[in-house]
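A quick write-up on the structure given underneath.
The values are calculated or read from the model by the stated rules, or taken from the named source; none is laboratory data. The model shown is predicted, which means the values in this text are computed figures rather than measured ones. Counting neighbours? That spans all protein chains shown, and the Cβs are built from the backbone with ideal geometry, glycine included.
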Amino acid sequence: MIAEAFENREPQGSKQLILDRLRGRAVPSDGLPEVDPGRLIKFDDRIRQFQETLEFVGGESHLVDSPEQVREILEGIDAFSSADRIASTYPEAIEPTVDLAKVSDPHLLSSLGWTIARGEFAIAENGAIWIDGATLPHRVMIFIAQYLAIVVSRSQIVDHMHDAYARIGAPRPGFGVFVSGPSKTADIEQSLVLGAHGCRKLQVFLTP
Amino acid sequence: MSIALPIVDHPQAAKDFVNNVPRSHWHDDSLWFVRTKRDRQAQSLPEWEYLRETASAIKRHTIANLPDYLQEFEANAIRMGAVVHWAADAAEHNEIVLGLLRKNKTHRIIKSKSMLTEECGLNEFLIDNGIDVVDTDLGERIVQLRGETPSHIVLPAIHIKKEEVGETFHQHLGTRKGEADPQVLTEAARGHLRGKFLEGEVGITGVNFGIAETGGIVVCTNEGNADLGVSLPRIHIACMGIEKLVPRFENLAVFTRLLARSATGQPITSYTSHFHGPRDENSELHIVLVDNGRSRIRDSDTFRDALNCIRCGACMNTCPVYRRSGGHSYQATVPGPIGSVLGPTKDMKAHKSLPYACSLCGSCTDVCPVKIPLHHQLLAWRSELVGKRLLAWNKRVGMKAASWLFRHPRLFFTAGYTARVALKYLPKSLTHNRLNEWAIDRDLPDPPKQSFRAWYAQNRNVAKPEQPE
């Protein structure tokens, strides 16, 4: 029915057509609601809430006081100590074995074993961490590595998503992602399997 | 799908599924499990109802002011470096995507889940035009390999048993025959799809939210397939229904809190990716804005709120009809309560039985995170269908006869008397034959000895007694 009405249109004609259709029917509306911060959940202990929620979504967290501690914990993980190709934007703890600056094509990161990345802040209510794409030489490193570790300051944990978006402010051109737990699927009979297409496990290090 | 579908009779289409009792119960239990997880998440937030109200108000405001927000979105998306295309219908959407692929001489597509592209029949269209399309969401890949369509908008393979997935993977991916361990099967799919990701020349995704204020788009997944799929190739095509907009960046907070909690009972999806413009100066981000009937739904005061939908699937997980009859019985891109509202807006005649695939229990309305009055809309569809004379003839004749009977007290009395006597003496083979569909799975109660009016006259000392029995 619609297809007939829109036949023989000019290139770019559909934009005007759609807008005209929409403007042809004025719909009364109330204003855009503002969220009242007083009605939103607050956690007494945001660090604990974050850790518990992260565990619930399949991630692991560690309270650490120094970059050395991050290294020690990672070296105690078999999948890390046996990994060849490691990308890191946190060289204080882990020196990368892959020089991201020299990688011109993201496809070359296909055999990446680990990625150690920095998170800007974390969210208590859902165990998510915000990663700013501007800190990533290649955004694929977050998704293609077999294992992912994120380092974020435990002083930078907000209660909920409202505070999270307020904290990001006005987005610049580019990319950003909330990561909450490892990649997962339950598409086969609702059985939860960690490690769908992205990382198999997620380690989060909470620094001072 | 855009192609004209035959008229679907929901009870007929559901028959095989419902008659397989163990399977129907298994399906029912799987979805109720998801509904229970949703409840736990919803109850964990004291502001849950406040969030639903706010989300609904934001969406209603956005849909009312849609032309302004669309223009704001387009201007900001261009400012961020994206290319914006407008498609009035499914055919134009498909042509735009094919045009982009041809222009870039590309043939291998990696795709993440998008109900919009399902609605437009994009996969079939591209495959007919010699393009290799790989669905990367595990559930969608399973149904793609089996030559089926998704039976649920969030859990596309919810109707398939792990043994059947094992058989499909044995045939297509070479897994061991008889393998049915979800862990092993998922690992096999991971390996198989890694290769496809690396070969892909263009990544196609849907859009969960577009932001008018910033010109950005948000894509939510648990598997990380959309994110991986657009971080490797140079070109990202994002297909987006015009109703997916939110006005401001901060509005995302409300919707990212509601979406995964309502859908699968998670506090948020594993990955919530925000794209503002293309990856770098050598890359391209194309956003295709699609109407395909949405502006017409917006015209209707009764059905406009259906455009609030964020495609979480909560209404299907809770629907007693959906849970027992399976998604394919709706024979529409979107099944369940919201699909039964949207289906007839596309083609009233083809989907005329869907508003009746509903007991009007109202559970869908109770769980909808954006407060679409789903069961009211389904009821409203029924009166539209009656008005358009699209009701099945047996229902139409039956209703007319009942209406006439109720308007004639004497006849009503006689009919009641006759029925009471007849039911006492008629053999069951006559009352429970195949013509009486109602009685196929039900038994009639014993006929009462007297009518209610007679009983009332006898027991409640009324001045004017009814005619004697």
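Within region B:96-126, if we keep just the residues that are among the basic types (Lys, Arg) and surrounded by fewer than 21 Cβ atoms within 10 Å (Cβ to Cβ), the residue that is farthest from the other protein chains (Cβ to nearest Cβ) turns out to be B:105.
Take residue B:371 and tell me if it is on the phi > 0 side of the Ramachandran plot, under 16 Å from the mean Cα position of the chain (by Cα) and either at pLDDT 90 or above or part of a helix (DSSP H, G or I) (or both). Full working, then the answer.
Working: on the phi > 0 side of the Ramachandran plot: yes; under 16 Å from the mean Cα position of the chain (by Cα): yes; either at pLDDT 90 or above or part of a helix (DSSP H, G or I) (or both): yes.
Yes: the conditions hold for residue B:371.
The condition of being at pLDDT below 95 and within 11 Å of another protein chain (Cβ to nearest Cβ) holds for only one of A:139, A:172, A:167, that being A:172.
Comparison of B:157, B:189 shows that the only residue that is assigned to a loop (DSSP other than H, G, I, E, B), out of contact with any Pro (no Cβ under 7 Å at 6 or more places or on another chain), within 10 Å of chain A (Cβ to nearest Cβ) and crowded, with 21+ Cβ neighbours inside 10 Å is B:157. State whether one or more residues within region B:127-148 are within 9 Å of chain A (Cβ to nearest Cβ), closer than 30 Å to residue B:289 by Cβ and not in a helix (DSSP H, G or I). Yes, region B:127-148 has at least one match. Taking the criterion of being within 16 Å of residue B:120 (Cα to Cα) and surrounded by 20 or more Cβ atoms within 10 Å (Cβ to Cβ), the residues of region B:81-95 that qualify are B:85, B:86, B:87, B:88, B:89, B:90, B:92, B:93, B:94. Scanning region B:164-186 for residues that are of a type in the set (S, T, N, Q) and either under 15 Å from residue B:239 (Cα atoms) or in a helix (DSSP H, G or I) (or both) turns up B:168, B:171, B:183, B:186. For region B:192-219, the tally of residues that are in a loop (DSSP other than H, G, I, E, B) and either more than 28 Å from residue B:65 (Cα to Cα) or more than 8 Å from every other protein chain (Cβ to nearest Cβ) (or both) stands at 8.
Of the numbered criteria (1) assigned to a helix (DSSP H, G or I); (2) touching a Gly at 6+ places or on another chain (Cβ under 9 Å); (3) buried (at least 18 other Cβ atoms within 10 Å of the Cβ), the one residue B:36 fails is (3).
With a requirement of 3 or more residues that are under 21 Å from the mean Cα position of the chain (by Cα), within 27 Å of residue B:202 (Cα to Cα) and in contact (Cβ under 8 Å) with a residue 60 or more places away in the chain, the strands (runs of 3 or more DSSP E) lying completely within region B:221-317 that satisfy it span B:235-241.
Considering only residues of region B:39-51 that are in a helix (DSSP H, G or I) and surrounded by fewer than 20 Cβ atoms within 10 Å (Cβ to Cβ), which is nearest to the other protein chains (Cβ to nearest Cβ)? Show your work before the answer.
In the first step, residues of region B:39-51 are kept if they are in a helix (DSSP H, G or I); the result is B:39-43, B:48-51.
If we keep only those that are surrounded by fewer than 20 Cβ atoms within 10 Å (Cβ to Cβ) as well, we get B:39-40, B:42-43, B:48-50.
Details: B:39: 16, B:40: 10, B:42: 13, B:43: 12, B:48: 10, B:49: 10, B:50: 5 Å.
Here the residue is B:50.
Can you confirm whether residue B:442 is within 30 Å of residue B:340 (Cβ to Cβ) and not in a helix (DSSP H, G or I)? Taking the combined requirement at face value, the residue satisfies it.
All conditions but one from (1) away from chain A (no Cβ under 12 Å); (2) over 30 Å from residue B:369 (Cβ atoms); (3) touching a residue at least 40 places away in the same chain (Cβ under 8 Å) apply to residue B:78; the one that does not is (1).
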